[in-house]
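Presented below is the structure to which this report refers.
FYI, it's all coordinate maths here, none of it is from the lab. Quick caveat, the model's predicted, so the values are computed rather than measured. We place every Cβ from the backbone using ideal geometry, glycine too, and count neighbours over all the protein chains shown.
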Amino acid sequence: MQKGRMIYEGKAKRVYECERDDAYIVEFKDDATAFNGQKKGSIAKKGQYNNAISAIFFDWVQKEGIVTHYLDTLSEREMLVKKVRIIPVEVVTRNVVAGTLAKRVGLAEGVELAQTVVEFYLKDDELGDPLINRSHAVALGIATREELDHLEETALKINRILRNHLNDKGLLLVDFKLEFGVTQEGEIVLADEISPDTCRFWDAQTKEKLDKDRFRRDLGRVEEAYQEILQRIQQE
C-alpha cells in the first residue's frame, strides 16, 4: 500500500491518502507534546509503540462488537484505517482521580471514583480543548443528543473491555480519551488511537505511571514505560 498526498499532520500523527478511496494511511510520530503544545519533545520509538499498542487495543474492542476505523497494520509506524470525518468532541472516561480532575473537584490523585465518569471536551487546539456539556455540543451543532448518548455508551463499553483485559496484565486503567468519526456510509466508529499518549496506565500494585505523564512531569524512563505497556498487553 503506497502513501499518497499528506492531508493532515497533528501533534502525534500524519495522515495520508492511499490507493483506496475509502481509506487513509496513518503514520505515528515520535514527537511528544503536553499542556496543549506548550511542552514539546520527542520520545524514542514512541511512534512504533503507539502503532502496535493501538492495533492490539482496536483488536480487543472489535472482538467485543465495537466498530473502529482500524483495518490493518502496514509497518512498524503505519496503519490502514477507514476514511472518516472526525467528530470534534473528545470523550474522556475516568475511573480514578488524576490530572485536571483532581484540581477541579478537590480530590487527591489516586482516589477511585464511586462510578465511572464520562466527560466531553471540544476538540479545538486554539481554545485548549475546553470541557463542554451536552447542551454546548448541541448548540454548537457538532453533535446531536442521540449521538452524544451513543458516544457515552460506547466509551463505557470500551472502558469495561479494556479494564477486564488490563486487570489480567497487572495494569490499572486510570482514564483515557477517545475520538470518534463518521464513515462515508454515515456510521459512527471509534477512531484516532488508544495508547499511552491518550490513556493513563498505572501498575496495579505499585501505582507507577506507565504513560505520557512521565513526559509531562519529567519523571524519566518514558520510552521504557511505553515499551512495558506493549510487552504486557502482548502477553497471552
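Quick check: convex hull over the Cα atoms of segment 80-236, volume per residue in Å³, rounded to an integer? Spelled out: Cα convex hull of segment 80-236, divided by residues, is 143 Å³. Hydrophobic, long helices, defined as DSSP H runs whose alpha-carbon span along the helix axis is 20 Å or greater and whose mean Kyte-Doolittle value is at least 1.0, do not occur in the chain. So which of 40/123; 40/177; 3/177 end up more than 22 Å apart by C-alpha? Check vs 22 Å cut-off fails for 3/177.
Taking a straight Cα-Cα cut-off under 16 Å and skipping sequence neighbours fewer than 8 places away in the same chain, the lysines within cross-link reach of residue 207 are 169. Cross-link partners among aspartates and glutamates for residue 209, C-alpha distance below 20 Å, same-chain residues fewer than 8 apart left out? List returned: 30, 31, 109, 112, 168, 175, 193, 197, 218, 223, 224, 228.
Based on a Kirkwood Rh over C-alpha pairs, give the Stokes-Einstein translational diffusion coefficient of segment 6-84 at 20 °C and viscosity 1.002 mPa s in µm²/s.
The Stokes-Einstein estimate is 161 µm²/s.
About the Cα centre of segment 6-84, what is the dipole size in debye to 20, counting +1 per Lys and Arg Cβ and -1 per Asp and Glu Cβ, all else neutral? Using Cβ point charges on Lys, Arg, Asp and Glu, segment 6-84 gives about 460 debye.
For the chain, the Cβ-based charge dipole about the Cα centre amounts to some 620 debye (Lys, Arg positive; Asp, Glu negative; other atoms uncharged). Sorting the segments 225-231, 97-103, 65-71 by their mean number of nearby beta carbons within 10 angstrom, highest to lowest, gives 225-231, 65-71, 97-103.
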